[in-house]
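So that we are looking at the same thing, I have put the structure below in structure tokens.
What follows draws every value from the coordinates through simple rules; no lab data is involved. Everything numeric here is computed off the predicted structure, so don't read it as measured data. Cβ coordinates were reconstructed from backbone atoms using ideal geometry, including for glycine residues, and neighbour counts include every protein chain displayed.
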Amino acid sequence: MPEIKYLYFAVLGIATFLCVVICSIFFKSSKVVQFPHIELFGKPLRFITRFIPYSVLLLVVLLTIIAIHPYKTKDIFSEKKVYNIVVCLDVSNSMKEKNKLEIAKKVLRDFVLKRDNEDRIGIVVFDNIPFRLVSLTTDRKKILKLIPSIHPAMVDKGGTSMYDALIESLDVFKPEWKNKIVILLSDGGDIDSKHTLDDVIKYNKVVKAKIYTIGISSGIHSYALERLSVSSGGKAFFITTEYKTALENIFNIINHLEPSVIKETSYKIEEPVDFYIKIAALLVGFFILTKITYRAVKDEKNTD
């Protein structure tokens, strides 16, 4: 239902309109608007002065209609949901097998390109120890330039410190940030970390990041990855064959679950409902102009 705005402005217009009508009936004359000293404006023109009452009446009606201004309120959704994403990538020596690391790099590159430009993306790599390769940034060129430099055992001697790497990934986030995501990709269990699985879960209760885990080997410790994901509200994925196709599908699923741009916040706008008002104004104007013309012709005939 349309709402009426500025209704209090219409009171004066309606009162004036009623006054004109009542005066016209009471005095039995359409010339109820008097302009003293009109001769100051030049030679009196009887034909023009006939139009004054009707013009005033028409102006009052039109201004009253405009002042009432019916409108509807409409919800508009526009705000972006910006994500903070850390990719925690296993670069241990075992990632050389079946070209797993090279496939992961290509899929990671495509993932970065698909995300919205306002999303912050960082990369933490790990073998025996974790290393923050890229801090969270919106600089896509910087990320894409560094991805090709990733290689097996690039940090230390090629072990696996998955839990330490997750702690490092969570440390990247600032407390005030929202929409924090960690994507862990590994092909083995943890053998070198100083931290434990419970340490990661406990720490993430403070950071409040959603962890997606991807196990890319038949020998992966699925229990640990499942616990990490479930405890954070994320999801665990496991692949053993067709690494490239499977990884592409998984990252597409993550993109779907965490879309770069969503309808998050709404605000209201006023949408005028003026079609019928314009028709009404047109009819009123046509009626008044018709009466003016009729009265003018009639008066001319009486004069002659």
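Sum up the charges of everything whose Cβ sits under 13 Å from the Cβ of V155, counting Lys and Arg as +1 and Asp and Glu as -1, but leave V155 out.
Charge balance near V155 sits at -4.
Work out the FRET efficiency for H256 and D156 from their Cβ-Cβ distance, taking R0 = 45 Å, and round it to the nearest 0.05.
In this case the efficiency is close to 0.80.
Please list 3J(HN,Hα) in residue order for segment 107-120, calculated via the Karplus relation 6.51 cos²θ - 1.76 cosθ + 1.60 where θ = phi - 60°; whole Hz, with x for glycine and proline.
Once θ is set to phi - 60°, the couplings for segment 107-120 become 5, 4, 4, 5, 4, 4, 5, 7, 6, 4, 5, 8, 5, 8 Hz.
Run the simple label-point estimate for I191 and K174 please: 7 Å along Cα→C-beta, distance reported in nm.
4.0
Given R₀ = 30 Å, what would the calculated FRET efficiency be for K244 paired with E118, taking r from the Cβ atoms and rounding to 0.05?
So the FRET efficiency works out to roughly 0.60.
Just check segment 132-223 against the gyration tensor rule for me: Cα atoms, a ≥ b ≥ c as the square roots of the eigenvalues, rounded for a/c under 1.5, and otherwise prolate or oblate depending on whether a/b exceeds b/c.
Taking the square roots of the gyration eigenvalues as a ≥ b ≥ c, segment 132-223 is oblate.
Quickly work out the K105-to-E226 label distance, labels modelled 7 Å from Cα along the C-beta direction, and quote it in nm with one decimal.
With each label point 7 Å from Cα toward Cβ, the separation is 3.4 nm.
Can you work out the Karplus-derived ³J(HN,Hα) for every residue in segment 225-235? Use 6.51 cos²θ - 1.76 cosθ + 1.60 with θ = phi - 60°, whole Hz, and x for glycine or proline.
Here the 3J(HN,Hα) series is 5, 4, 4, 4, 5, 4, 5, 9, x, x, 8 Hz.
Order by neighbour count: I147, I250, fewest other Cβ atoms within 10 Å first, most last.
So the ranking, lowest neighbour count to highest, is I147, I250.
Would you mind checking which residues have amide H under 5 Å from L133's amide H? H placed 1.01 Å from N; only 5 or more apart, or other chain.
The answer is I123, V124, V125.
Hey, what do the phi angles of segment 241-258 turn into as Karplus ³J(HN,Hα) couplings, whole Hz, using 6.51/-1.76/1.60 and θ = phi - 60°, x for Gly and Pro?
Each residue's phi maps through the Karplus curve to give 9, 6, 4, 4, 4, 5, 5, 4, 5, 5, 5, 5, 5, 5, 4, 6, 5, 10 Hz.
While we're here: What does the charge count around F237 come to, taking other residues whose C-beta lies under 15 Å from its C-beta (Lys +1, Arg +1, Asp -1, Glu -1)?
Within the 15 Å Cβ shell, the charges total -1.
Considering amide H positions built from the backbone, and no H for Pro or chain starts, which residues 5 or more places from F238, or on another chain, come under 5 Å of its amide H?
Placed amide hydrogens put G215 under 5 Å from F238.
State whether segment 84-257 is rounded, prolate or oblate according to the following rule on the C-alpha gyration tensor (a ≥ b ≥ c being the square roots of its eigenvalues): a/c under 1.5 gives rounded; otherwise a/b larger than b/c gives prolate, and the remaining case gives oblate.
The shape class here is rounded.
Excluding S92 itself, calculate the net charge of residues whose Cβ lies under 15 Å from the Cβ of S92, where each Lys or Arg counts +1 and each Asp or Glu counts -1.
Value of the local net charge: -4.
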